[in-house]
Structure formats: C-alpha cells, structure tokens
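What follows is one structure encoded as structure tokens, with my remarks underneath.
The values are calculated or read from the model by the stated rules, or taken from the named source; none is laboratory data. What you are looking at is a predicted structure, and each value in this text was computed from that prediction instead of being measured. Glycine also receives a Cβ, built like all others from the backbone with ideal geometry; neighbour counts cover every protein chain displayed.
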Amino acid sequence: MEITCKVQKRNLYIKIKGDIDHHTAEEIRTRADREMARENARNIIFDFSEVSFMDSSGIGMVMGRYKAVAETGGKVAVMGISEPINRIFEISGLKKIIPCVKTQDEAAEILGI
C-alpha cells in the first residue's frame with residue numbers, strides 16, 4: 001500500500017494505492033491525522049481511484065476522519081471509488097454524509113473550497 005499526501009489551501013489530498021484493511025486503515029488514519037495537524041488542514045479529499053479492496057476498517061477510518069474534521073468545521077469527500085467500494089459506501093451509509101465524486105474539481109466544488 002502507498003499513501004501520498006499533499007496540502008493545497010488548507011485541503012489535505014490523500015491518494016491511496018492498494019487495499020484498505022485493518023493494518024492499512026490504521027496507517028492511513030495515523031498519516032492523515034499527522035498531516036492535518038502539521039499542515040493545519042481543514043478538509044480532506046481521499047482519492048480511492050487505485051483502491052481495489054476495502055473492508056469495515058476502511059469505513060471506520062473514513063468515518064473517523066469525517067468526525068475529526070467536522071469538529072473544526074471541515075468536510076470530507078472521496079473521489080474515484082470503484083463499483084465494489086461504492087456498494088460498501090452505500091450499505092454502510094457513508095454516501096449519505098460523505099460526497100463521492102469523480103474528480104478533484106468536483107470535490108472542491110462540492111466542499112465549497
């Protein structure tokens with residue numbers, strides 16, 4: 001698994017390559033929290049375009065980041081999800097609270113950034 005982070009205008013972009021399971025979800029959570037604090041980022045945009053598998057640990061990781069940024073008025077969006085991961089987002093209810101988009105521009109527009 002590979003995690004790439006960049007911050008632009010207080011927005012943390014996290015690109016994930018590989019599977020999201022218990023072990024990798026913890027690694028993503030740790031990295032996201034560290035980058036949020038270090039860069040004073042307000043919003044998170046996850047890029048799942050190269051994620052082929054996600055289990056319930058991934059749901060918890062995304063939900064946890066959503067709660068953390070919501071406390072400070074920030075927002076979360078996810079882009080590039082595959083159909084199997086889209087189903088996970090639908091079944092878990094994440095799609096009701098976290099926008100799923102195709103591009104960074106769409107994410108920026110939806111989040112108002």
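Cβ contacts < 7 Å: first residue in contact (Cβ under 8 Å) with a residue 60 or more places away in the chain, restricted to the range 45-64; second residue of a type in the set (Phe, Trp, Tyr) and surrounded by fewer than 23 Cβ atoms within 10 Å (Cβ to Cβ), any location; separation 6+ or different chain. Result?
Note: pairs meeting the criteria are Ile45/Tyr13.
Condition test on Ile110, is it of a type in the set (A, V, I, L, M), closer than 24 Å to Val7 by Cβ and not in a helix (DSSP H, G or I)? Walk me through it before giving the result.
Numbers: of a type in the set (A, V, I, L, M): yes; closer than 24 Å to Val7 by Cβ: yes; not in a helix (DSSP H, G or I): no.
When the stated conditions are applied, Ile110 does not pass them.
Here's a check for you: in the range 62-94, which residue that is exposed (fewer than 12 other Cβ atoms within 10 Å of the Cβ) and of a type in the set (Asp, Glu) is farthest from Phe46 (Cα to Cα)?
Filtering the range 62-94 for residues that are exposed (fewer than 12 other Cβ atoms within 10 Å of the Cβ) and of a type in the set (Asp, Glu), the one farthest from Phe46 (Cα to Cα) comes out as Glu71.
Please verify whether Ile81 is in contact with a helix residue (DSSP H, G or I) (Cβ under 8 Å, 6 or more places away or on another chain), touching a residue at least 40 places away in the same chain (Cβ under 8 Å), on the phi < 0 side of the Ramachandran plot and not aromatic (Phe, Trp, Tyr), treating the condition exactly as stated.
No; evaluated as a whole, the condition is false for this residue.
Taking the range 22-38 as the search range and keeping residues that are acidic (Asp, Glu) and either touching a strand residue (DSSP E or B) at 6+ places or on another chain (Cβ under 8 Å) or touching a residue at least 60 places away in the same chain (Cβ under 8 Å) (or both), which one is surrounded by the most Cβ atoms within 10 Å (Cβ to Cβ)?
Filtering the range 22-38 down to residues acidic (Asp, Glu) leaves 26-27, 33, 35.
Filter again for either touching a strand residue (DSSP E or B) at 6+ places or on another chain (Cβ under 8 Å) or touching a residue at least 60 places away in the same chain (Cβ under 8 Å) (or both), leaving 27, 35.
Values: Glu27: 14, Glu35: 18.
The residue in question is Glu35.
Closer than 17 Å to Ser92 by Cβ, outside any strand (DSSP E or B) and touching a helix residue (DSSP H, G or I) at 6+ places or on another chain (Cβ under 9 Å): is that true of Ala32 in this structure?
No; evaluated as a whole, the condition is false for this residue.
Can you tell me which residue in the range 7-22 is farthest from the chain's Cα centre (by Cα), limited to those that are closer than 21 Å to Gly74 by Cα and part of a strand (DSSP E or B)?
The selected residue is Gln8.
Just name the residue that is surrounded by the most Cβ atoms within 10 Å (Cβ to Cβ) out of those in the range 95-113 that are under 19 Å from Gly64 (Cα atoms) and modelled with pLDDT of 90 or more.
So, considering only residues that are under 19 Å from Gly64 (Cα atoms) and modelled with pLDDT of 90 or more, the one surrounded by the most Cβ atoms within 10 Å (Cβ to Cβ) is Cys100.
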